[in-house]
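Read the figures in this text as sums done on the coordinates, not as results from a lab. Please read all numbers here as calculations on a predicted model, not as lab measurements. FYI the Cβ positions are ideal-geometry reconstructions off the backbone, even for glycines, and counts take in every protein chain you see.
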Amino acid sequence: MDTAVTAKKKWWSGGHSPFNVSYGKLMMWYFLLSDAFTFGALLISYGTIRFMSTSWPDPNEVFRSFPGLGHANVPMGFVSLMTFILIMSSVTMVLAVHAGHQRRQKDVAKWLIWTIIGGIAFLSCQAWEWTHLYHEGAWWGRNPFVNADGTAATSNFTNFFFTITGFHGLHVTSGVVLNIVILSNVLKGTYENRGHYEMVEKVGLYWHFVDLVWVFVFTCFYLL
Amino acid sequence: MSNTTYTDAGHDVHVADSSTKTIWKTFWILLAITVVEIALALIHLETHFPPKLLVNSIFIGLTIVKAFFIVAEFMHLGHEIKNLIMTILMPLLLFVWFIIAFLADGDSWKNMRKNLAPGTPKPVEKVQVIEHGEGHHE
């Protein structure tokens, strides 16, 4: 294939992909584009309801607990850890893709294992957070937190929180499953025999997208 | 051309070092931005110093910077050809419209709920005299 991309190249004259990527990778991009609209719709509906409300619970009051610290007041503490874990797992994934380019089978497997560990760690954190909030009385349809101005809040806050972080967590879960499938193929030598590790790249795209969505969820629920 | 357009093996070997360097550089940028965001949130919580509107604008700005680095470097979109970049980014412009339209809608609902809630005194200054003669066609 042509790796040299020149400005004069006629991309649409046939004979090669006008996007310079394989079919599978392009379709992964388009899937992620559609998924971005799904998450975008969820977050925008959250924003609309929040703009519609005269007051809203203060995230610094709601998200202030840390496992093992009892009633210590640590606003943003735990979610910072979760964010760090997810960024880190994105780095290990990109290192796996990079090792795949150089066909270093052992390194691909090693970085994929780290990515899976990161994904499971993130999910465990989320499980703890959900359990903790549940015991504080928060769930779909139930909101124990008062608004920032002291008035009673509706369950809009908890409904959106659990729906959107839950939908994101579901994506992380499928990402971990995909990573495990890919890892087993790497270990079996499937991609070594195929001659390339493009499958790692495709799943990598999905994994980075999950990280990308978290960046927005983090801002919308914990910062704003 | 029966094969895919996958970058053939060994192509990246000569740029191995600079690639890994870029990955870690991106990681440090993302980490630094996140730390700044959290620090800013805590400073605002303690001192209320930067006004809420300014803090929120900074958060949204930094979020977009983070998104740019993840998409451009980790997802490698910055290194793809322009055709592909445009086919991904152009549809996302719809979000500009979505966000403006829906948030304005929510805001308008809030104002109606405030002003028209039972027991709310009627805002006298808002009553306008209906003028006749405005419906003329030119």
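Some notes on this structure:
- Net charge dipole, the range B:17-126: roughly 380 debye, given to the nearest 20, about the Cα centre with Cβ charges of +1 for Lys and Arg and -1 for Asp and Glu.
- Reported to the nearest whole Å, the Cα centre-to-centre distance from the range A:120-167 to the range B:21-87 is 25.
- In this Cβ point-charge picture (+1 for Lys and Arg, -1 for Asp and Glu), the protein assembly as shown has a dipole of about 640 debye about its Cα centre.
- An oblate overall shape is assigned to the protein assembly as shown, the ratio a/c of its alpha-carbon gyration tensor axes (a ≥ b ≥ c) being 1.5 or greater and a/b not exceeding b/c.
- In chain A, the calculated helix contribution to ellipticity at 222 nm averages -23000 deg cm²/dmol per residue, counting -39,500 (n - 2.57) for every DSSP H run with n ≥ 4.
- Cβ-based exposure ranking for A:Val74, A:Val203, A:Val186, in which fewest neighbours within 10 Å come first: A:Val74, A:Val203, A:Val186
- Over the range B:17-126: Kirkwood hydrodynamic radius from C-alpha pairwise inverse distances, Å: 17.9 Å
- The convex hull around the C-alpha trace of the range A:23-223, projected and averaged over every direction, spans 11.7 square nanometres.
- Considering only A:Asn179, A:Leu224, A:Trp128, the residue lying farthest towards the positive end of the dipole of chain A is A:Asn179, judged by Cα position with unit charges set on Cβ.
- Peptide packing: for A:205-211, A:178-184, A:217-223, the average count of neighbouring Cβ atoms within 10 Å per residue gives the ranking A:205-211, A:217-223, A:178-184, highest mean first.
- Using θ = phi - 60° and Karplus 6.51 cos²θ - 1.76 cosθ + 1.60, couplings along the range B:82-90 (whole Hz; Gly, Pro as x): 4, 3, 5, 4, 5, 5, 8, 7, 4
- Checked against a 30 Å cut-off, the cross-linked pairs A:Lys110/B:Lys25; A:Lys202/B:Lys25; A:Lys10/A:Lys110; B:Lys52/B:Lys114; A:Lys9/A:Lys188; A:Lys188/B:Lys25 give Cα-Cα distances beyond that limit for A:Lys10/A:Lys110; A:Lys9/A:Lys188; A:Lys188/B:Lys25.
- In the range B:17-126, a dipole from Cβ-located charges (positive for Lys and Arg, negative for Asp and Glu) runs towards its positive end, and of B:Ser18, B:Leu53, B:Ile33 it is B:Leu53 whose Cα lies farthest in that direction.
- From phi via Karplus (6.51, -1.76, 1.60), per-residue ³J(HN,Hα) for the range A:25-30 in Hz, x at Gly/Pro: 5, 4, 5, 4, 4, 5
- When only the Cβ of Lys, Arg, Asp and Glu is charged (+1, +1, -1, -1), the dipole of the range A:23-223 relative to its Cα centre reaches about 660 debye.
- Inter-chain Cβ neighbour count for A:90-102, averaged per residue, equals 5 (cutoff 10 Å, partner chain atoms only).
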